[in-house]
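Some notes on the structure that comes next.
The values are calculated or read from the model by the stated rules, or taken from the named source; none is laboratory data. Quantities reported herein were computed from a predicted structural model and do not represent experimental measurements. Neighbour counts run over all protein chains shown; Cβ positions are idealised from the backbone, glycine included. Note: areas computed on protein heavy atoms with side chains; ligands, DNA, RNA excluded. Shrake-Rupley method; radii C 1.70, N 1.55, O 1.52, S 1.80 Å.
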Amino acid sequence: MTDRPRSTTDDDTTGLSPEESLALIGAQRRATQRALEIDDRLLYGAWGIAWVVAYGITYLVYGADPSDPSGPVWLAGVVWPVAIGAALLVTFLHVHRRRAGVAEQVSGTLYGLAYMIAIAGAGLTGGVLPRLLPTVDPAFASIAPSAFIVLAIATIYLVSGAVWGDRLQFGVGAWLVLVNALSLMSGTDTYTLGMAVGGGGGFLVAALLAWLRDRTAEAPPAR
Amino acid sequence: MTVDPAGLDPVIHAQARLRVVVTLAALPPDGAITFPRLQQLLDLTAGNLATHLRKLEDARYVGITKTHEGRLPVTFIGLTSRGRVAFEDYTATLRALLDGGRTGDAPPTQTPTSREKS
């Protein structure tokens, strides 16, 4: 199987057999998809690592009792902007590279905006809601923004997975809804542990599944 | 040397133009791509690509839009709905030709005809 179709010359009007034409179409289509498509393996992997590190370190710092941190509190504060910032950087650079020169579609712009608005709104809701209670519970206030943001991200995954017919993305959305709810049910002490293992680990499993899916899709066609 | 089977659109049925059309068909229906990126995806020279694009534009298979991003002029190239239909017809004809050839014994394995070096 030739991976990259050959470069051609100007007076290239030589007749192609139907087999050659179909092979050329297949090879060029695969080459184009590889060059333009967003690599799910990379993005799921980047976000998986970010969540495992950020939630994991937060859990290790605060331990089982959030009112009595067993590690340096500053570390839990620093790890979030660093881990999420790194994953965002990977995402933006990758999307920018793959989509370079491709005309921006209104749907793409609105999709990006949907993420930003939903995450900002969820963070705000989770930040404000604990303050409306008669007494502010610090443990509850610390996990509420995350609980809302994860639910917002999961909902976007569900909807975009459904719209694009991407079962893996839909599955990640459904999994995040479940893990978020189960981690909350486990209590404020173990919420971050649940999100590190189930959420971050879920993304890493998704990266593995995307790798397996792409490997199957790239297998030589029957003809 | 192989002969063009009858019924295949001559505008598409040439290696370089077929590759251009396949690449543009991979974009969303109203999608477009800049000339340099298309050139990079196809690994063609600018002059070569421009020649093939002109032929595709003459057939109204390809739409070329000149616009500006900031102060820089940008040329976007996209498949027209007419071009998309022509490509679908082309692949349907190819499959029909192959299926017709398959009723007897299997067609001989084609070794790619040697072409002039690019």
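Just a few scattered comments:
- Test result for A:Ile38, under 24 Å from A:Arg215 (Cβ atoms), assigned to a loop (DSSP other than H, G, I, E, B) and open to solvent by 30 Å² or more (accessible area, probe 1.4 Å): yes
- B:Pro10 being facing chain A (nearest Cβ under 9 Å) and surrounded by fewer than 16 Cβ atoms within 10 Å (Cβ to Cβ): yes
- Of the criteria (1) of a type outside the set (Val, Ile, Thr); (2) touching a helix residue (DSSP H, G or I) at 6+ places or on another chain (Cβ under 9 Å); (3) open to solvent by 50 Å² or more (accessible area, probe 1.4 Å), which one B:Gln15 fails: (3)
- Beta carbons closer than 6 Å, at least 6 apart along the sequence or on distinct chains, pair a first residue in the range A:120-144 that is in a loop (DSSP other than H, G, I, E, B) with a second that is crowded, with 16+ Cβ neighbours inside 10 Å for A:Val136/A:Pro130.
- Residue match in the range A:75-90 (condition: of a type outside the set (D, E, K, R), open to solvent by 20 Å² or more (accessible area, probe 1.4 Å) and touching a residue at least 40 places away in the same chain (Cβ under 8 Å)): yes
- Taken as a whole, the structure leaves A:Thr125 outside the set of residues that are among the polar types (S, T, N, Q), in contact with a helix residue (DSSP H, G or I) (Cβ under 6 Å, 6 or more places away or on another chain) and modelled with pLDDT under 95.
- Just so you know, in the range B:61-83 the residues that are more than 14 Å from every other protein chain (Cβ to nearest Cβ) and basic (Lys, Arg) include one that is surrounded by the fewest Cβ atoms within 10 Å (Cβ to Cβ), and it is B:Arg71.
- Residue count for the range B:25-60 under the criterion of being out of contact with any Phe, Trp or Tyr (no Cβ under 6 Å at 6 or more places or on another chain), facing chain A (nearest Cβ under 9 Å) and either closer than 15 Å to A:Leu16 by Cα or among the aliphatic types (A, V, I, L, M) (or both): the result is 7.
- For B:Ala106: the one exception among (1) at pLDDT below 90; (2) small (Gly, Ala, Ser); (3) surrounded by 10 or more Cβ atoms within 10 Å (Cβ to Cβ): (3)
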